[in-house]
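To start, the structure itself, in C-alpha coordinates.
The values are calculated or read from the model by the stated rules, or taken from the named source; none is laboratory data. Just so we're clear, the structure is a prediction, and the values are computed from it rather than from any experiment. Positions of Cβ are generated from backbone atoms using ideal geometry, with glycine treated the same way; all protein chains shown enter the neighbour counts. Side chains are part of the model used for accessible areas, which takes the heavy atoms of the whole protein and leaves out ligands, DNA and RNA. Shrake-Rupley method; radii C 1.70, N 1.55, O 1.52, S 1.80 Å.
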Amino acid sequence: MNKLVVLGSVNADHVLQVASFPRPGETLHGHSYTVIPGGKGANQAVAAARLGADIAFIASVGDDSFGLDIRQAFANDGINIDAVMVEENTPTGIAMIQVAATGENSICISAEANACLTPERIAPHHALISDADTLLMQLETPIDTIEQAARIAKQANTKVVLNPAPAQALSDDLLQLIDIITPNETEAELLTGIKVDDTQSAQQAADALHQKGIPVVMITLGSKGVWLSENGQGVQVEGFRVDAKDTTAAGDTFNGALLTGLQEGKSLHDAIKFAHAAAAISVTRFGAQTSIPHRREVKHFLL
Ligand code: ATP
(Lines give C-alpha, C1' and ligand atoms only; values in the text may rest on other atoms or scores of the structure.)
Protein backbone atom coordinates (compact mmCIF):
# COMPACT_ATOMS: atom_id res chain seq x y z
CA MET A 1 0.00 0.00 0.00
CA ASN A 2 1.16 3.54 -0.76
CA LYS A 3 1.53 6.37 1.72
CA LEU A 4 0.16 9.04 -0.62
CA VAL A 5 -2.86 8.66 -2.89
CA VAL A 6 -3.73 11.26 -5.52
CA LEU A 7 -7.25 11.15 -6.99
CA GLY A 8 -7.81 13.32 -10.04
CA SER A 9 -7.81 14.11 -13.73
CA VAL A 10 -5.68 13.17 -16.72
CA ASN A 11 -5.67 15.43 -19.78
CA ALA A 12 -3.90 15.66 -23.10
CA ASP A 13 -2.98 19.35 -23.45
CA HIS A 14 -3.18 20.33 -27.14
CA VAL A 15 -1.14 23.52 -27.25
CA LEU A 16 -1.01 25.92 -30.19
CA GLN A 17 0.98 29.18 -30.34
CA VAL A 18 -1.01 32.05 -31.93
CA ALA A 19 -0.20 35.66 -32.73
CA SER A 20 -3.59 36.68 -31.27
CA PHE A 21 -6.79 34.82 -30.40
CA PRO A 22 -9.24 34.26 -33.28
CA ARG A 23 -12.53 36.18 -33.02
CA PRO A 24 -15.84 34.30 -33.49
CA GLY A 25 -16.05 33.12 -37.11
CA GLU A 26 -12.38 33.93 -37.82
CA THR A 27 -9.69 31.43 -38.87
CA LEU A 28 -6.06 32.22 -38.05
CA HIS A 29 -2.79 30.37 -38.55
CA GLY A 30 -1.13 29.06 -35.42
CA HIS A 31 2.25 27.30 -35.09
CA SER A 32 4.37 25.00 -32.92
CA TYR A 33 1.54 22.57 -32.11
CA THR A 34 2.39 20.15 -29.30
CA VAL A 35 0.52 17.60 -27.20
CA ILE A 36 1.73 17.71 -23.60
CA PRO A 37 0.61 15.44 -20.74
CA GLY A 38 -1.47 17.45 -18.28
CA GLY A 39 -4.53 17.36 -16.02
CA LYS A 40 -4.27 18.59 -12.44
CA GLY A 41 -4.46 15.13 -10.87
CA ALA A 42 -1.81 13.70 -13.17
CA ASN A 43 0.48 16.71 -12.75
CA GLN A 44 0.31 16.45 -8.95
CA ALA A 45 0.84 12.68 -9.00
CA VAL A 46 3.83 13.02 -11.35
CA ALA A 47 5.32 15.82 -9.24
CA ALA A 48 5.08 13.72 -6.08
CA ALA A 49 6.56 10.67 -7.81
CA ARG A 50 9.47 12.56 -9.40
CA LEU A 51 10.25 14.11 -6.02
CA GLY A 52 10.41 10.71 -4.35
CA ALA A 53 6.97 10.09 -2.81
CA ASP A 54 5.50 6.61 -2.37
CA ILE A 55 2.35 7.19 -4.38
CA ALA A 56 -0.71 5.62 -6.01
CA PHE A 57 -2.97 7.44 -8.50
CA ILE A 58 -6.74 6.95 -8.84
CA ALA A 59 -7.88 8.19 -12.27
CA SER A 60 -9.60 7.32 -15.56
CA VAL A 61 -7.98 7.50 -18.99
CA GLY A 62 -9.50 6.69 -22.39
CA ASP A 63 -8.55 3.70 -24.54
CA ASP A 64 -6.95 5.99 -27.14
CA SER A 65 -3.20 5.94 -27.72
CA PHE A 66 -2.62 8.97 -25.49
CA GLY A 67 -4.45 7.30 -22.58
CA LEU A 68 -2.60 4.00 -22.90
CA ASP A 69 0.80 5.71 -23.32
CA ILE A 70 0.34 8.12 -20.42
CA ARG A 71 -0.71 5.27 -18.11
CA GLN A 72 2.61 3.56 -18.90
CA ALA A 73 4.47 6.87 -18.44
CA PHE A 74 2.96 7.17 -14.94
CA ALA A 75 4.34 3.71 -14.13
CA ASN A 76 7.75 4.74 -15.53
CA ASP A 77 7.68 7.71 -13.14
CA GLY A 78 7.23 5.23 -10.27
CA ILE A 79 3.48 5.70 -9.69
CA ASN A 80 1.31 2.73 -8.64
CA ILE A 81 -1.18 2.63 -11.58
CA ASP A 82 -3.42 -0.22 -10.34
CA ALA A 83 -6.26 2.32 -9.99
CA VAL A 84 -5.61 4.20 -13.24
CA MET A 85 -8.62 2.76 -15.09
CA VAL A 86 -8.93 2.53 -18.88
CA GLU A 87 -12.43 3.42 -20.14
CA GLU A 88 -13.51 1.65 -23.35
CA ASN A 89 -14.63 3.68 -26.37
CA THR A 90 -13.90 6.92 -24.54
CA PRO A 91 -11.33 9.63 -25.31
CA THR A 92 -8.87 10.71 -22.62
CA GLY A 93 -9.68 14.13 -21.14
CA ILE A 94 -8.43 17.06 -23.20
CA ALA A 95 -7.46 20.69 -22.87
CA MET A 96 -7.33 22.87 -26.02
CA ILE A 97 -4.86 25.64 -25.21
CA GLN A 98 -3.97 28.66 -27.33
CA VAL A 99 -0.98 30.70 -26.18
CA ALA A 100 -0.83 34.25 -27.60
CA ALA A 101 2.34 36.20 -28.31
CA THR A 102 1.56 38.28 -25.18
CA GLY A 103 1.90 35.11 -23.08
CA GLU A 104 -1.83 35.09 -22.29
CA ASN A 105 -3.61 31.79 -22.78
CA SER A 106 -7.13 30.72 -23.63
CA ILE A 107 -8.12 27.23 -22.50
CA CYS A 108 -11.13 24.99 -23.09
CA ILE A 109 -11.23 21.61 -21.33
CA SER A 110 -13.47 18.59 -21.82
CA ALA A 111 -13.64 15.94 -19.08
CA GLU A 112 -14.19 12.88 -21.37
CA ALA A 113 -12.74 9.85 -19.45
CA ASN A 114 -12.37 11.98 -16.30
CA ALA A 115 -16.19 12.07 -16.10
CA CYS A 116 -16.13 8.25 -15.75
CA LEU A 117 -14.39 8.51 -12.36
CA THR A 118 -17.67 7.92 -10.50
CA PRO A 119 -18.13 6.72 -6.89
CA GLU A 120 -18.96 3.25 -8.30
CA ARG A 121 -15.74 3.13 -10.33
CA ILE A 122 -13.54 3.94 -7.33
CA ALA A 123 -15.32 1.45 -5.03
CA PRO A 124 -12.78 -1.38 -5.70
CA HIS A 125 -9.98 1.00 -4.68
CA HIS A 126 -11.27 2.16 -1.28
CA ALA A 127 -8.47 0.28 0.51
CA LEU A 128 -5.85 2.37 -1.31
CA ILE A 129 -7.39 5.44 0.35
CA SER A 130 -7.99 3.98 3.79
CA ASP A 131 -4.49 2.45 4.02
CA ALA A 132 -2.74 5.68 2.94
CA ASP A 133 -1.43 8.45 5.20
CA THR A 134 -2.74 11.20 2.91
CA LEU A 135 -5.26 11.68 0.09
CA LEU A 136 -4.67 14.61 -2.31
CA MET A 137 -7.47 15.78 -4.65
CA GLN A 138 -8.41 18.65 -6.99
CA LEU A 139 -11.69 19.57 -8.74
CA GLU A 140 -11.41 18.30 -12.34
CA THR A 141 -13.24 15.01 -11.62
CA PRO A 142 -16.88 14.42 -10.50
CA ILE A 143 -17.60 16.14 -7.19
CA ASP A 144 -19.62 13.24 -5.74
CA THR A 145 -16.52 11.03 -6.12
CA ILE A 146 -14.36 13.62 -4.39
CA GLU A 147 -16.87 13.76 -1.51
CA GLN A 148 -17.01 9.96 -1.32
CA ALA A 149 -13.22 9.65 -1.27
CA ALA A 150 -12.97 12.32 1.45
CA ARG A 151 -15.50 10.44 3.60
CA ILE A 152 -13.59 7.15 3.20
CA ALA A 153 -10.35 8.90 4.11
CA LYS A 154 -11.86 10.60 7.15
CA GLN A 155 -13.26 7.35 8.52
CA ALA A 156 -9.81 5.75 8.19
CA ASN A 157 -7.84 8.70 9.65
CA THR A 158 -6.24 9.35 6.27
CA LYS A 159 -5.41 13.06 6.02
CA VAL A 160 -7.43 14.88 3.31
CA VAL A 161 -5.69 17.61 1.27
CA LEU A 162 -7.74 19.55 -1.30
CA ASN A 163 -6.35 21.82 -3.98
CA PRO A 164 -9.71 23.47 -4.89
CA ALA A 165 -8.89 24.07 -8.56
CA PRO A 166 -10.39 24.96 -10.96
CA ALA A 167 -12.39 27.36 -8.78
CA GLN A 168 -15.86 26.17 -7.86
CA ALA A 169 -18.20 26.52 -4.89
CA LEU A 170 -18.03 23.60 -2.42
CA SER A 171 -20.50 22.23 0.14
CA ASP A 172 -19.87 22.72 3.85
CA ASP A 173 -20.10 18.92 4.16
CA LEU A 174 -17.02 18.53 1.98
CA LEU A 175 -15.10 21.44 3.50
CA GLN A 176 -15.40 20.03 7.01
CA LEU A 177 -13.69 16.80 5.91
CA ILE A 178 -10.56 18.64 4.76
CA ASP A 179 -7.35 18.84 6.81
CA ILE A 180 -5.31 21.08 4.49
CA ILE A 181 -6.67 23.30 1.69
CA THR A 182 -4.43 24.99 -0.91
CA PRO A 183 -6.41 27.56 -2.96
CA ASN A 184 -4.79 30.28 -5.06
CA GLU A 185 -6.06 33.83 -4.57
CA THR A 186 -8.95 33.45 -7.05
CA GLU A 187 -10.08 30.15 -5.57
CA ALA A 188 -9.86 31.55 -2.02
CA GLU A 189 -12.09 34.45 -3.09
CA LEU A 190 -14.64 32.14 -4.68
CA LEU A 191 -14.79 29.94 -1.56
CA THR A 192 -14.99 32.79 0.96
CA GLY A 193 -16.25 35.90 -0.88
CA ILE A 194 -13.12 37.73 0.37
CA LYS A 195 -10.85 39.29 -2.27
CA VAL A 196 -7.27 38.32 -1.40
CA ASP A 197 -4.91 41.20 -2.26
CA ASP A 198 -2.79 41.68 0.88
CA THR A 199 -1.80 39.82 4.03
CA GLN A 200 -4.80 41.09 5.98
CA SER A 201 -7.32 39.86 3.42
CA ALA A 202 -5.39 36.58 3.08
CA GLN A 203 -5.81 36.00 6.81
CA GLN A 204 -9.52 36.93 6.65
CA ALA A 205 -10.03 34.39 3.87
CA ALA A 206 -8.04 31.81 5.85
CA ASP A 207 -10.18 32.51 8.94
CA ALA A 208 -13.35 31.97 6.90
CA LEU A 209 -11.99 28.57 5.81
CA HIS A 210 -10.96 27.71 9.41
CA GLN A 211 -14.57 28.45 10.41
CA LYS A 212 -15.70 25.78 7.93
CA GLY A 213 -13.60 23.29 9.95
CA ILE A 214 -10.30 23.28 8.01
CA PRO A 215 -7.30 23.43 10.40
CA VAL A 216 -4.57 24.33 7.86
CA VAL A 217 -5.04 26.86 5.04
CA MET A 218 -2.34 27.67 2.46
CA ILE A 219 -3.26 30.37 -0.02
CA THR A 220 -0.76 30.31 -2.88
CA LEU A 221 0.27 33.79 -4.06
CA GLY A 222 2.17 33.07 -7.28
CA SER A 223 5.68 34.54 -7.20
CA LYS A 224 4.98 35.94 -3.70
CA GLY A 225 4.84 32.45 -2.18
CA VAL A 226 2.15 31.26 0.23
CA TRP A 227 0.02 32.60 3.06
CA LEU A 228 0.06 29.80 5.65
CA SER A 229 -2.52 29.88 8.42
CA GLU A 230 -2.72 27.23 11.12
CA ASN A 231 -5.80 27.58 13.32
CA GLY A 232 -5.88 31.35 12.86
CA GLN A 233 -2.13 32.06 13.08
CA GLY A 234 -0.93 33.32 9.72
CA VAL A 235 2.50 33.88 8.17
CA GLN A 236 3.79 34.50 4.65
CA VAL A 237 6.30 31.93 3.40
CA GLU A 238 8.18 33.60 0.55
CA GLY A 239 8.86 31.81 -2.74
CA PHE A 240 12.04 31.86 -4.84
CA ARG A 241 12.86 34.49 -7.48
CA VAL A 242 13.36 32.96 -10.91
CA ASP A 243 13.01 34.05 -14.52
CA ALA A 244 9.48 32.68 -15.10
CA LYS A 245 8.71 31.48 -18.65
CA ASP A 246 5.48 29.48 -18.26
CA THR A 247 3.55 29.06 -15.01
CA THR A 248 1.45 26.12 -16.27
CA ALA A 249 1.38 23.46 -13.52
CA ALA A 250 3.16 25.68 -10.96
CA GLY A 251 0.32 25.07 -8.51
CA ASP A 252 0.28 21.35 -9.30
CA THR A 253 4.04 21.03 -8.80
CA PHE A 254 3.67 22.95 -5.54
CA ASN A 255 0.95 20.56 -4.27
CA GLY A 256 2.77 17.36 -5.29
CA ALA A 257 5.99 18.60 -3.73
CA LEU A 258 4.26 19.82 -0.57
CA LEU A 259 2.78 16.39 0.06
CA THR A 260 6.12 14.71 -0.66
CA GLY A 261 7.78 16.93 1.92
CA LEU A 262 5.07 16.28 4.52
CA GLN A 263 5.21 12.53 3.85
CA GLU A 264 8.92 12.65 4.69
CA GLY A 265 8.16 14.23 8.03
CA LYS A 266 9.14 17.82 7.16
CA SER A 267 7.42 20.61 9.12
CA LEU A 268 4.72 22.59 7.27
CA HIS A 269 7.16 25.47 6.83
CA ASP A 270 9.98 23.27 5.47
CA ALA A 271 7.60 21.34 3.20
CA ILE A 272 6.39 24.68 1.76
CA LYS A 273 9.99 25.79 1.09
CA PHE A 274 10.68 22.47 -0.66
CA ALA A 275 7.47 22.93 -2.71
CA HIS A 276 8.42 26.53 -3.57
CA ALA A 277 11.74 25.27 -4.95
CA ALA A 278 10.10 22.59 -7.09
CA ALA A 279 7.42 25.02 -8.37
CA ALA A 280 10.02 27.72 -9.07
CA ILE A 281 11.97 25.29 -11.28
CA SER A 282 8.72 24.34 -13.08
CA VAL A 283 7.94 27.96 -14.05
CA THR A 284 11.30 28.26 -15.82
CA ARG A 285 10.19 25.53 -18.27
CA PHE A 286 7.44 25.09 -20.83
CA GLY A 287 4.32 22.91 -20.42
CA ALA A 288 2.70 20.87 -17.67
CA GLN A 289 4.34 17.50 -16.93
CA THR A 290 7.28 18.48 -19.15
CA SER A 291 8.15 21.20 -16.62
CA ILE A 292 8.00 19.15 -13.40
CA PRO A 293 11.46 18.60 -11.90
CA HIS A 294 13.04 15.48 -10.42
CA ARG A 295 14.34 15.34 -6.88
CA ARG A 296 18.02 15.77 -7.78
CA GLU A 297 17.17 19.06 -9.53
CA VAL A 298 15.39 20.43 -6.47
CA LYS A 299 18.29 19.32 -4.28
CA HIS A 300 20.70 21.15 -6.57
CA PHE A 301 18.45 24.26 -6.66
CA LEU A 302 18.43 24.40 -2.85
CA LEU A 303 22.25 24.12 -2.48
P1 ATP B 1 -1.12 27.59 -11.92
O2 ATP B 1 -2.61 27.66 -12.12
O3 ATP B 1 -0.32 28.58 -12.78
O4 ATP B 1 -0.57 26.22 -11.97
P5 ATP B 1 -1.79 28.45 -9.27
O6 ATP B 1 -2.57 29.67 -9.62
O7 ATP B 1 -2.53 27.23 -8.82
O8 ATP B 1 -0.80 28.08 -10.45
P9 ATP B 1 0.16 30.04 -7.91
O10 ATP B 1 -0.30 30.70 -6.67
O11 ATP B 1 0.28 30.89 -9.14
O12 ATP B 1 -0.75 28.76 -8.14
O13 ATP B 1 1.59 29.38 -7.69
C14 ATP B 1 1.79 28.24 -6.88
C15 ATP B 1 3.22 28.22 -6.42
O16 ATP B 1 4.09 28.16 -7.57
C17 ATP B 1 3.67 29.46 -5.66
O18 ATP B 1 3.32 29.38 -4.29
C19 ATP B 1 5.18 29.42 -5.91
O20 ATP B 1 5.79 28.44 -5.11
C21 ATP B 1 5.25 28.94 -7.35
N22 ATP B 1 5.27 30.03 -8.33
C23 ATP B 1 4.26 30.47 -9.11
N24 ATP B 1 4.62 31.49 -9.90
C25 ATP B 1 5.93 31.72 -9.64
C26 ATP B 1 6.92 32.66 -10.14
N27 ATP B 1 6.62 33.56 -11.07
N28 ATP B 1 8.16 32.59 -9.62
C29 ATP B 1 8.50 31.67 -8.68
N30 ATP B 1 7.61 30.77 -8.16
C31 ATP B 1 6.36 30.79 -8.64
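Has region 153-162 got at least one residue that is under 24 Å from ILE79 (Cβ atoms), open to solvent by 70 Å² or more (accessible area, probe 1.4 Å) and either assigned to a loop (DSSP other than H, G, I, E, B) or modelled with pLDDT under 95 (or both)? Yes - at least one qualifying residue is present in region 153-162. Scanning region 65-84 for residues that are open to solvent by less than 50 Å² (accessible area, probe 1.4 Å) and farther than 25 Å from HIS126 by Cβ yields PHE66, ALA73.
Annotation: of all residues in region 170-192 being open to solvent by 10 Å² or more (accessible area, probe 1.4 Å) and more than 14 Å from the ligand (Cβ to nearest atom), the one that is farthest from LEU136 (Cα to Cα) is THR192.
If you go through region 86-141 and pick out every residue that is modelled with pLDDT under 95 and either in a loop (DSSP other than H, G, I, E, B) or in contact with a helix residue (DSSP H, G or I) (Cβ under 9 Å, 6 or more places away or on another chain) (or both), you end up with 4.
Evaluate the following for ALA202: is it of a type in the set (Gly, Ala, Ser) and within 16 Å of the ligand (Cβ to nearest atom)? Yes, satisfied.
Could you check region 144-188 and list, in sequence order, the residues that are touching a residue at least 60 places away in the same chain (Cβ under 8 Å) and in contact with a Phe, Trp or Tyr (Cβ under 9 Å, 6 or more places away or on another chain)? Those that are touching a residue at least 60 places away in the same chain (Cβ under 8 Å) and in contact with a Phe, Trp or Tyr (Cβ under 9 Å, 6 or more places away or on another chain): ASN163, THR182. For ALA167, the stated conditions hold: it is open to solvent by 10 Å² or more (accessible area, probe 1.4 Å), closer than 24 Å to ILE122 by Cβ, within 14 Å of the chain's Cα centre (by Cα) and within 13 Å of the ligand (Cβ to nearest atom).
Against the test of being modelled with pLDDT under 95, open to solvent by 50 Å² or more (accessible area, probe 1.4 Å) and more than 8 Å from the ligand (Cβ to nearest atom), the options LYS245, LYS266, LYS195 yield a single qualifying residue, LYS245. Note on region 216-234: residues that are more than 6 Å from the ligand (Cβ to nearest atom) and either open to solvent by less than 60 Å² (accessible area, probe 1.4 Å) or closer than 17 Å to GLU185 by Cβ (or both) total 10. Residue count for region 287-301, restricted to those that are out of contact with any Pro (no Cβ under 6 Å at 6 or more places or on another chain) and either more than 16 Å from VAL46 (Cα to Cα) or in a helix (DSSP H, G or I) (or both): 9.
Residue-wise test of (1) surrounded by 15 or more Cβ atoms within 10 Å (Cβ to Cβ); (2) small (Gly, Ala, Ser); (3) more than 8 Å from the ligand (Cβ to nearest atom).
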{"residue": "PHE254", "(1), (2), (3)": "yes, no, no"}
{"residue": "ALA279", "(1), (2), (3)": "yes, yes, no"}
{"residue": "GLU297", "(1), (2), (3)": "yes, no, yes"}
{"residue": "LEU302", "(1), (2), (3)": "no, no, yes"}
